[in-house]
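A.B. asks: The structure that follows is given in the form of structure tokens.
The values are calculated or read from the model by the stated rules, or taken from the named source; none is laboratory data. Model, not experiment: these values are computed from the prediction. Please note: Cβ atoms are built from the backbone with ideal geometry, for glycine as well, and neighbour counts cover all protein chains shown.
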Amino acid sequence: MAVLAVAVLVACSSQTDTSQTGTSSGNGTASAALTDADLVIPVADVTDDPTFYPVTVDGESMEVLALRAADGSVRTAFNTCQVCYDSGRGYYQWSGTALVCQNCGNQFAPDQVEVVSGGCNPVPIFDADVSDDGTNITIPLSYLQSAQELFANWKQ
């Protein structure tokens with residue numbers, strides 16, 4: 001009887017939906033890594049402190065961060081530095097007040113995420129690159145795939 005229940009559950013989970021919801025277990029890292037799917041971030045889960053959403057795209061480990069800025073807007077970025085990304089340590093960790101590049105030590109204010117680009121800062125994911133229905137922010141798999149090269153040496 002238990003084997004039948006497991007078989008039914010496995011069969012039900014093999015649908016072809018290519019979106020996956022990143023669920024946050026509070027501030028920090030989302031509880032489950034997503035693989036080869038659109039990343040769906042529930043707006044209600046986004047707080048003032050960044051949450052990091054691990055994603056695997058075509059075998060490449062990547063990470064997206066999301067946070068709520070002081071103006072109430074939700075900001076998203078790839079957790080890799082626009083300058084230091086190829087160093088292997090060009091990613092950010094939260095210090096409690098700032099995002100800190102693990103390669104050069106640059107401290108980046110959370111309100112600058114998705115606003116500042118072109119320097120030592122998290123690679124922004126702009127509004128034009130996502131869909132936001134007020135409940136979820138969806139980052140398409142195709143857009144995640146376009147950023148894979150930024151993660152080729154990531155956290156090595």
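A.B. asks: Report yes if some residue within region 140-150 is assigned to a loop (DSSP other than H, G, I, E, B) and farther than 19 Å from P50 by Cβ; otherwise report no.
C.D. replies: Yes, because at least one residue in region 140-150 is assigned to a loop (DSSP other than H, G, I, E, B) and farther than 19 Å from P50 by Cβ.
A.B. asks: Right, here's the next one. Do the conditions hold for V83, that is, is it within 21 Å of L39 (Cα to Cα) and of a type in the set (V, I, T)?
C.D. replies: When the stated conditions are applied, V83 does not pass them.
A.B. asks: Scan (1) under 13 Å from the mean Cα position of the chain (by Cα); (2) in a loop (DSSP other than H, G, I, E, B); (3) not hydroxyl-bearing (S, T, Y) for the single condition V123 breaks and write down its number.
C.D. replies: (2)
A.B. asks: Regarding A66, is this residue at pLDDT 95 or above, surrounded by 15 or more Cβ atoms within 10 Å (Cβ to Cβ) and among the aliphatic types (A, V, I, L, M)?
C.D. replies: So A66 passes the test.
A.B. asks: Regarding region 33-43, can at least one residue be identified that is more than 20 Å from D132 (Cβ to Cβ), aliphatic (A, V, I, L, M) and modelled with pLDDT of 55 or more?
C.D. replies: Checking region 33-43: at least one residue is more than 20 Å from D132 (Cβ to Cβ), aliphatic (A, V, I, L, M) and modelled with pLDDT of 55 or more.
A.B. asks: Can you find even one residue in region 70-82 that is in contact with a Lys or Arg (Cβ under 6 Å, 6 or more places away or on another chain) and small (G, A, S)?
C.D. replies: no
To keep it simple, each residue is scored yes or no on (1) charged (D, E, K, R); (2) closer than 23 Å to N136 by Cβ; (3) in contact with a strand residue (DSSP E or B) (Cβ under 8 Å, 6 or more places away or on another chain).
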position	(1), (2), (3)
A66	no, yes, yes
D71	yes, yes, no
F78	no, yes, yes
C81	no, no, yes
Y85	no, no, yes
G88	no, no, no
Y92	no, no, yes
C104	no, no, yes
Q107	no, no, yes
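A.B. asks: Could we say that F108 is surrounded by 13 or more Cβ atoms within 10 Å (Cβ to Cβ) and hydrophobic (A, V, I, L, M, F, W, C) here?
C.D. replies: Considered against the rule, which asks whether it is surrounded by 13 or more Cβ atoms within 10 Å (Cβ to Cβ) and hydrophobic (A, V, I, L, M, F, W, C), F108 comes out as yes.
One line per residue, one yes/no per condition, for (1) surrounded by 15 or more Cβ atoms within 10 Å (Cβ to Cβ); (2) part of a strand (DSSP E or B); (3) in contact (Cβ under 8 Å) with a residue 60 or more places away in the chain:
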| position | (1), (2), (3) |
| --- | --- |
| F52 | yes, yes, no |
| G72 | no, no, no |
| D86 | yes, no, yes |
| V100 | yes, yes, no |
| N103 | yes, no, no |
| E114 | yes, no, no |
| G119 | no, no, no |
| G134 | no, no, yes |
| I137 | yes, yes, yes |
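A.B. asks: Which condition number does V8 fail, the rest of (1) loosely packed, with under 14 Cβ neighbours inside 10 Å; (2) touching a strand residue (DSSP E or B) at 6+ places or on another chain (Cβ under 6 Å); (3) at pLDDT below 90 being met?
C.D. replies: V8 satisfies all of (1) loosely packed, with under 14 Cβ neighbours inside 10 Å; (2) touching a strand residue (DSSP E or B) at 6+ places or on another chain (Cβ under 6 Å); (3) at pLDDT below 90 except (2).
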